[in-house]
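J.: Just passing along the structure, written as structure tokens.
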Amino acid sequence: MVSSLCFVEIKTHNTPLLQRKPYRAACWAPSDDLNGAVAQILGTVSYASEAIAEKLRIPDSDGFPTSEEVFNFKPKSFVVIGNLDQVIGEHGVNEEQLRSFELFRGNVTQPEIITFDELYERDRHIVELNES
């Protein structure tokens, strides 16, 4: 098995995905929290790439090398934030908000932006597959 670094910035399920008001007609900007989370994780990955280089050897509690290694070749990164319920009202989905959010996150290649409800559904699906 190969171990690779993965970085995750976790907000809360209540963290807003979008600004409270549209930036322009039919265009909703990402929330300050989402923009900040993306900036934070990009900085963390950049720092790790400089500080760790390509490989990190894991020492034991006394500082001696172990056989464990973690590789740092273009590590994956994720932002876990908010909930898609934020774009759903009493009578359905606000398509402008959903489009704005999906266009933003679809064009951010790293980190992957995922909401708590999506993460829950992914995990639920994996558990159900493993149980059957």
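The values are calculated or read from the model by the stated rules, or taken from the named source; none is laboratory data. Source: prediction; values computed, not measured. Note that each Cβ is placed from the backbone with ideal geometry, even for glycine, and that neighbours are counted across all protein chains shown. We work out accessible area using only protein heavy atoms, side chains counted, and drop any ligands, DNA or RNA first. Shrake-Rupley method; radii C 1.70, N 1.55, O 1.52, S 1.80 Å.
J.: Net charge near Val79: determine it from the other residues with C-beta under 14 Å of the C-beta of Val79, scoring Lys and Arg +1 and Asp and Glu -1. Mind showing how you got there, number by number?
T.: Details: positive: Lys11, Lys76, Arg105; negative: Glu9, Asp32, Asp33, Glu112, Glu118.
Local net charge: -2.
J.: Beyond 23 Å, what percent of the Cα pairs of the chain remain? Walk me through the numbers on the way to the answer.
T.: Numbers: 4099 of 8646 pairs.
Of all Cα-Cα pairs in the chain, 47 percent lie more than 23 Å apart.
J.: Separate question: Scan region 7-52 for trypsin sites (Lys or Arg not before Pro) in coil per DSSP, keeping those whose Cβ has at most 12 other Cβ atoms within 10 Å, and list them by number.
T.: On the way: sites: Lys11, Arg20, Arg24; in loops: Lys11, Arg20.
Taking region 7-52 and a limit of 12 other Cβ atoms within 10 Å, the loop trypsin sites (Lys or Arg not before Pro) found are Arg20.
J.: Using θ = phi - 60° and the Karplus relation 6.51 cos²θ - 1.76 cosθ + 1.60, list the HN-Hα couplings for region 118-126 in order, rounded to whole Hz, with x at every Gly or Pro.
T.: In residue order, the calculated couplings are 5, 4, 4, 5, 4, 5, 4, 5, 4 Hz.
J.: How charged is the neighbourhood of Ile58? Take every other residue with its Cβ under 15 Å from the Cβ of Ile58, and add Lys/Arg as +1 and Asp/Glu as -1.
T.: On the way: positive: Lys55, Arg57; negative: Glu54, Asp60, Asp62, Glu68, Glu69.
Result for the neighbourhood of Ile58: -3.
J.: Debye calculation, C-alpha points only, no solvent: report log10 I(q)/I(0) for region 36-90 at q = 0.14, 0.20, 0.27 Å⁻¹, in the same order as the q values.
T.: Normalising to I(0) and taking log10 leaves -0.58, -0.83, -1.04.
J.: Per residue, how much accessible area does region 1-63 show when a 1.4 Å probe rolls over the protein heavy atoms, in square angstrom? Don't jump to the answer; show the numbers that get you there.
T.: Numbers: 4510 Å² over 63 residues.
I get 72 Å² per residue for region 1-63.
J.: Summing +1 for each Lys or Arg and -1 for each Asp or Glu, what net charge is found among the other residues whose Cβ lies under 15 Å from the Cβ of Glu96?
T.: Around Glu96, the surrounding residues sum to +2.
J.: If you don't mind, another one. For Ala48 and Leu119, FRET efficiency with R0 = 30 Å and r from the beta-carbon atoms, rounded to 0.05?
T.: For Leu119 and Ala48, the calculated efficiency is 0.85.
J.: Based on Cα coordinates alone, diagonalise the gyration tensor for region 61-117, multiply each eigenvalue by 5, take square roots, and list the semi-axes in whole Å, largest first.
T.: Details: eigenvalues 307, 39, 6 Å².
The answer is 39, 14, 6 Å, longest axis first.
J.: Could you report the accessible area of Thr115 in Å², rounded to 10, computed with a 1.4 Å probe on the protein chains as they sit in the structure?
T.: 0
J.: Taking a probe of 1.4 angstrom, what is the accessible area of Cys27 in Å², to the nearest 10?
T.: 60
J.: On a full-extension model of 0.36 nm per residue, what is the gain between Asp32 and Asn94, subtracting their alpha-carbon distance, rounded to one decimal in nm?
T.: Working: separation 62, 0.36 × 62 = 22.32 nm, distance 2.00 nm.
Result for the pair: 20.3 nm of gain on full extension.
J.: Once you put a point 7 Å from the Cα of Glu131 and another 7 Å from the Cα of Ser3, both along the Cβ direction, what distance in nm separates them?
T.: It works out to 3.1 nm between the two label points.
J.: Can I ask one more? Taking 35 Å as R0, compute the FRET efficiency from the Cβ-Cβ separation of Lys21 and Val70 and round it to 0.05. Don't skip to the end; give the middle numbers.
T.: Values: r = 43 Å, r/R0 = 1.24.
Given R0 = 35 Å and the Cβ-Cβ separation, E is 0.20.
J.: Please list, or write none, the lysines whose alpha carbon is within less than 27 Å of the alpha carbon of Lys74, excluding same-chain residues fewer than 8 places away.
T.: Leaving aside lysines fewer than 8 places away in the same chain, those within reach of Lys74 are Lys11, Lys55.
J.: May I pose another question? Using amide H atoms built 1.01 Å from N in the peptide plane, name the residues 5+ places from Ile113, or on other chains, whose amide H lies under 5 Å from its own.
T.: Val79
J.: Hey, another quick one. Within the chain, which is the longest segment containing none of the GluC sites (Glu not before Pro) that sit in a DSSP loop and have at most 15 other Cβ atoms within 10 Å?
T.: Numbers: sites that count: Glu54, Glu90.
Longest site-free region, per DSSP loop and neighbour criteria: 1-53.
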